[in-house]
Amino acid sequence: MATQIQAIRGMNDCLPEESFKWQQVENTLRQVVAAYGYSEIRTPIVENTALFKRSIGEVTDIVEKEMYTFSDRNDESLTLRPEGTAACVRAGNEHGLLYNQEQRLWYMGPMFRYERPQKGRYRQFHQFGVEVFGLDGPDIDAELILMTARFWKAFGIRDQVKLQLNSLGSNEARANYREKLVSYLAAHEDQLDEDSRRRMQTNPLRVLDSKDPKVQAVVADAPKLIDHLDDESKAHLDGLCQLLDAAGISYEINHCLVRGLDYYNRTVFEWVTDSLGAQGTVCAGGRYDGLVEQLGGRHTTAVGFAMGMERLILLLDTLGQLHQAASTADVYVLGSGDSSTAVANQLAEAVREAMPKLRVLNHRGGGNFKKQFKRADKSGAQVALIIGEDEMAHSQVTIKYLRTGADQVTISQAQLIDHLREYFV
Ligand code: ATP
Ligand code: MG
């Protein structure tokens with residue numbers, strides 16, 4: 001036998017039972033964003049590598065070691081997108097959607113990062129994200145957080161996720177703070193792990209979100225960014241907190257929340273859960289007022305978030321908030337074989353035409369009635385439409401109720417739609 005070719009490590013198939021769950025989640029997400037008046041944007045999965053280097057930052061985990069980068073046949077360096085924001089900004093600039101305008105956008109789709117696969121962490125994963133351009137007040141930050149809270153409510157997990165908040169201040173305030181942090185870290189260098197010592201030089205704020213307990217102990221007493229904010233950022237954060245208080249959304253200020261991408265300023269937030277082990281961040285976002293300019297556009301403020309759909313679905317599944325597919329069909333059409341196939345097709349099409357929401361499954365592959373009824377039962381259908389020899393001869397159809405035990409009836413084919421309409425009210 002030929003060897004089987006396997007899927008790529010960390011890139012998962014989504015089989016029918018799983019895809020049913022994904023559809024539930026996607027539908028809810030779409031409904032909620034629509035309820036806030038946001039529009040969808042779709043961008044390609046592949047972009048020029050420079051886009052990600054320039055936006056995410058050269059000394060970040062993503063750019064240093066997680067990108068799927070390759071040369072195409074023209075020797076251009078391309079990268080499978082590791083996140084969605086950079087492409088939104090690129091597209092917004094390219095099509096003139098941003099400068100002096102207000103845009104409320106969302107996207108959903110696969111992202112790619114070369115990470116060690118484990119529960120909640122994959123090499124192809126999916127994000128649902130929202131980006132707002134052209135609004136700079138805390139009111140829009142609050143709107144995004146209200147929206148995410150509504151997601152949790154819609155999914156029935158409002159009590160399982162907690163909001164963490166921080167402010168990264170202005171670039172200037174952050175640069176000043178950076179110096180203070182570096183001198184503090186330098187004084188405790190012997191207690192830092194190798195990774196943090198390296199980061200202390202390249203991207204010292206990332207030391208704050210180290211997962212190493214010893215580093216965390218050092219960081220606990222480090223100077224806090226929130227004590228070094230510029231006045232505008234301080235007022236922005238206060239304004240956001242007031243709006244969250246007024247909306248009854250509780251939060252915790254997490255001094256170590258700095259986010260892994262370089263482009264953030266002011267507000268950053270994460271929704272975290274205890275129910276997923278180490279991969280506890282379900283949704284993360286913040287303000288990135290400088291990115292549009294950094295990518296060649298005119299100054300446009302922006303704020304957004306992204307959620308990891310695999311983690312969300314894992315969480316919902318763990319908490320029993322997703323339905324299993326009970327059936328694939330409502331109506332199963334079967335008959336006496338070759339001679340009835342054309343009529344069966346015709347009746348099934350008529351039902352689909354008149355009642356587009358009904359799922360109508362035609363029996364295929366022949367076999368006796370016993371086999372056909374077995375399939376009908378397995379499909380989960382409520383009703384079987386039977387077109388046997390007699391029915392053919394008299395332009396009739398027999399309706400058998402597969403779940404209720406009610407007597408089957410034989411009616412004229414012309415009456416079928418009315419009959420089904422009455423049954424499936
Ligand atoms: P982490 O600290 O877990 O690596 P991150 O800071 O790299 O997360 P972001 O870039 O902020 O993550 O992406 C937003 C969300 O996307 C994360 O909060 C998480 O839910 C999800 N996510 C990120 N990387 C992965 C991955 N490799 N597999 C599955 N989900 C992911
Ligand atoms: Mg990461």
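The values are calculated or read from the model by the stated rules, or taken from the named source; none is laboratory data. Predicted model only: the values in this text are computed from it and were never measured. Reconstructed Cβ throughout: ideal geometry from the backbone, glycine too, with neighbour counts over all protein chains shown. Heavy atoms of the whole protein, side chains included, go into the accessibility calculation; ligands, DNA and RNA do not. Shrake-Rupley method; radii C 1.70, N 1.55, O 1.52, S 1.80 Å.
Annotations
- Scanning the range 21-58 for residues that are open to solvent by 50 Å² or more (accessible area, probe 1.4 Å) and either of a type in the set (A, V, I, L, M, F, W, C) or under 22 Å from Tyr264 (Cα atoms) (or both) gives Ala34, Ala35, Ile45, Val46, Asn48, Ala50, Lys53, Arg54, Glu58.
- Restricting attention to the range 56-77 and to residues that are in contact with a helix residue (DSSP H, G or I) (Cβ under 6 Å, 6 or more places away or on another chain) and more than 20 Å from Cys283 (Cα to Cα), the residue that is farthest from ligand 2 (Cβ to nearest atom) turns out to be Ser77.
- Test: Arg287 is in contact (Cβ under 8 Å) with a residue 12 or more places away in the chain, surrounded by fewer than 24 Cβ atoms within 10 Å (Cβ to Cβ) and among the basic types (Lys, Arg): no
- Among the candidates Leu181, Leu185, the residue that is under 22 Å from Ser233 (Cα atoms), in a helix (DSSP H, G or I) and not β-branched (Val, Ile, Thr) is uniquely Leu181.
- Hits in the range 104-119 - residues which are within 11 Å of ligand 2 (Cβ to nearest atom), crowded, with 19+ Cβ neighbours inside 10 Å and touching a residue at least 40 places away in the same chain (Cβ under 8 Å): Arg113
- Listed by position, the helices (runs of 4 or more DSSP H) contained in the range 220-325 that have at least 1 residues being within 16 Å of ligand 1 (Cβ to nearest atom) and on the phi < 0 side of the Ramachandran plot are 291-294, 309-318.
- Within the span defined as the range 75-82, one or more residues are among the small types (Gly, Ala, Ser), open to solvent by 20 Å² or more (accessible area, probe 1.4 Å) and not in a helix (DSSP H, G or I).
- Odd one out for Gly280 among (1) open to solvent by less than 50 Å² (accessible area, probe 1.4 Å); (2) in contact (Cβ under 8 Å) with a residue 12 or more places away in the chain: (2)
- Looking only at the range 395-425, and only at residues there that are part of a loop (DSSP other than H, G, I, E, B) and in contact with a helix residue (DSSP H, G or I) (Cβ under 9 Å, 6 or more places away or on another chain), the one that is most open to solvent (accessible area, probe 1.4 Å): Ser395
- Within the range 120-168, the set of residues being within 16 Å of ligand 2 (Cβ to nearest atom), open to solvent by 30 Å² or more (accessible area, probe 1.4 Å) and in contact with a helix residue (DSSP H, G or I) (Cβ under 7 Å, 6 or more places away or on another chain) comprises Tyr122, His126.
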